Amino acid sequence: MARLLLLVALSLVTLAAACGSGEQAQPTGTATSQRAEREATVAQQQDAQAPQETVEAEPVQQSQQAQQAQRAQQAQQSVADVEQQQQTQQAQEEVEDAEPVDELPAEIVGVHKGVRSERHVLGEPDAPVEIRYFGDFT
Amino acid sequence: MEEAIRTGLARYEYRHFIIFGAASEFAAMATECAGDQGAWWEFHDEYLLEGRARTFTRAGAIEIAEREGLDIAQFSRCIDNEEHRDRILQMQQQGFAEGVNGTPTFRVNGEPGGRSLSAILDKVHQAAEAAEAAEGQEGG
């Protein structure tokens with residue numbers, strides 16, 4: 001009987017000890033869970049932050065592309081300006097190369113709208129007044 | 001101005017002064033090619049007075065030439081070979097030499113004639129009076 005009582009007492013002590021260690025494990029599990037939550041939160045924040053950084057990086061990239069496009073456009077404009085200057089210079093040189101003339105030769109004589117006409121000239125050659133018109137048809 | 005020309009008071013001379021590029025140069029050359037066949041003034045009127053921009057092309061020039069009864073083969077050869085290019089450049093040079101820097105520019109007996117018709121006519125009458133006075137002095 002005494003052995004039986006001793007055995008029961010030992011069992012109770014053992015059971016009590018087991019229950020005590022189980023209560024101590026609970027805070028550890030809670031801490032792990034809280035840590036996991038924090039890590040998850042940080043991960044979410046990092047995930048959320050990463051797209052934001054990508055979004056923030058895009059304007060820079062766009063800006064660089066815009067600058068490159070602007071530089072290319074400026075380069076093209078410079079080339080066009082140089083070509084135009086060359087063409088203008090060439091036209092001026094052609095004009096300067098032409099032989100000087102005092103009077104152009106009179107050619108086919110006819111009548112235009114009732115008035116004596118030659119190439120470039122309307123009217124009588126001995127008229128006291130000469131009206132000279134420098135024009136461009138377009 | 002037409003009356004001054006018609007009555008023998010003045011004669012009118014046209015000089016090409018190209019400032020608007022290829023179309024202007026083509027129109028000038030086509031007019032000169034027409035001049036080879038006695039139709040210079042017909043082209044002048046068509047281009048300057050009528051101002052039909054669509055005719056400042058090869059096809060447009062040939063259309064006018066056909067209407068004026070010109071020899072189209074000769075006319076086409078002339079414009080394709082730019083036969084009067086030098087003549088036009090010479091006129092341009094003459095304009096520069098006379099101080100012309102734009103169009104339209106009028107000179108009346110070599111002097112600036114102004115841009116309005118009334119200003120030009122005033123200059124014509126002044127020049128006619130001056131010429132008459134000079135002639136009177138020579139005769140007297």
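We did not get these values from a lab; they are worked out from the coordinates using the rules stated. None of the values given here were measured: they were computed from a predicted structure. Every residue, glycine among them, receives a Cβ derived from its backbone with ideal geometry; neighbour counts consider all protein chains shown.
Based on other C-beta atoms within 10 Å, arrange A:HIS112, B:HIS84 from fewest to most.
So the ranking, lowest neighbour count to highest, is A:HIS112, B:HIS84.
Taking the Cα centre of region B:48-123 as the origin, how large is its charge dipole in debye, to the nearest 20, when only Lys and Arg (+1) and Asp and Glu (-1) carry charge on their Cβ atoms?
Dipole of region B:48-123, to the nearest 20 debye: 240 debye.
For labels at B:GLU83 and B:ARG58 in the simple 7 Å Cα→Cβ model, what's the distance in nm?
In this crude label model, B:GLU83 to B:ARG58 measures out at 1.7 nm.
Can you sort B:ARG77, A:ARG119, B:ARG6, B:ARG54 so the residue with the fewest Cβ neighbours within 10 Å comes first?
Fewest-to-most ranking of B:ARG77, A:ARG119, B:ARG6, B:ARG54: B:ARG54, B:ARG77, B:ARG6, A:ARG119.
With N set to the number of residues, divide the alpha-carbon radius of gyration of chain B by 2.2 N^0.38 Å and report two decimals.
In units of the 2.2 N^0.38 Å rule of thumb, it is 1.23.
Hey, got the average number of other protein chain Cβ atoms within 10 angstrom for residues in B:35-43?
Mean inter-chain Cβ contacts per residue within 10 Å come to 5.
Determine which residues of region B:33-57 fall in the zone a paramagnetic label at A:LYS113 would reach in this model, i.e. backbone nitrogen under 17 Å from the point 7 Å along Cα→Cβ.
Counting backbone N atoms under 17 Å from the label point, the list is B:39-52.
For Cα pairs less than 8 Å apart in space and 6+ apart in sequence, what is the mean separation divided by the residue count of chain B, i.e. the relative contact order in percent?
For chain B, the relative contact order is 23 percent.
Sort A:LYS113, B:LYS123 so the one with the fewest other Cβ atoms within 10 Å of its own Cβ comes first.
Least crowded to most crowded, the residues run A:LYS113, B:LYS123.
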